[in-house]
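The values are calculated or read from the model by the stated rules, or taken from the named source; none is laboratory data. Quick caveat: nothing in here was measured; it's all calculated off a predicted structure. Here the Cβ positions follow ideal geometry from the backbone for every residue, glycine too, while neighbour counts run over all protein chains shown. The accessibility values were calculated without ligands, DNA or RNA, using every heavy atom of the protein model including side chains. Shrake-Rupley method; radii C 1.70, N 1.55, O 1.52, S 1.80 Å.
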Amino acid sequence: MVSWHGFINTCYICGYQAETMDHLFFTCAYSKEVVKIVGQWIGIMLPTQHFHEWSLRRGQSKIRIDVINVVFNACIYHVWRQRDLSKHELTLICPEKVAATIVDEMKIRIKRCSMKMANTDKIWIRGLIDDAN
Ligand SMILES: [Zn+2]
């Protein structure tokens, strides 16, 4: 982000834009690709900059809001991790692989979840953790 001498660094991932929070998590082509793939898996497609509003959409059940929030946090965490890897080790895993890692981790977490839920949510959850997906 802002370095010790007060300048904003260039994005460590794409190398093109200033590295603001907004850029890194919402408008960087890399993050957009991660979010797009994860969004396809979870079945909710919105422009990246509205990612954080996914859970605010009306008509979402509590379980869906919880899942979406966890997925959102995982995307933030993994993009940040890639940013650090890129900064300190000059390596960057492609967005497709990062998205696949997020989806795998989320499937494990969702499988462990034992909340009571409506049948429509059960069907949604089953679709998410189906390994053919
Ligand atoms: Zn960038």
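Candidate cross-link partners of residue 62 among the aspartates and glutamates, defined by an alpha-carbon separation under 20 Å and a same-chain spacing of 8 or more, comprise 53, 121. Spin-label model, residue 77/residue 62: points 7 Å from Cα along the beta carbon direction are separated by 2.3 nm.
Between residue 108 and residue 10, the simple label model (points 7 Å from Cα in the Cβ direction) yields a spacing of 3.6 nm. P(r) for region 21-129, from all Cα pairs and a bin width of 5 Å, is 2, 12, 23, 24, 18, 11, 6, 3, 1, 0 %, short bins first.
Here residue 64 sits with roughly 60 square angstrom of accessible surface, probe radius 1.4 Å. For the set 21, 115, the ranking by accessible area, highest first and with no ligand, DNA or RNA atoms included, is 21, 115 under a 1.4 Å probe.
In this view, the solvent-accessible surface of residue 89, computed with a 1.4 Å probe and all protein chains in place, comes to about 120 Å². Each residue, residue 69 and residue 123, gets one label point 7 Å from its Cα in the Cβ direction; the gap between the two is 2.6 nm.
Taking all protein chains together and rolling a 1.4 Å probe, residue 88 ends up with roughly 130 Å² accessible.
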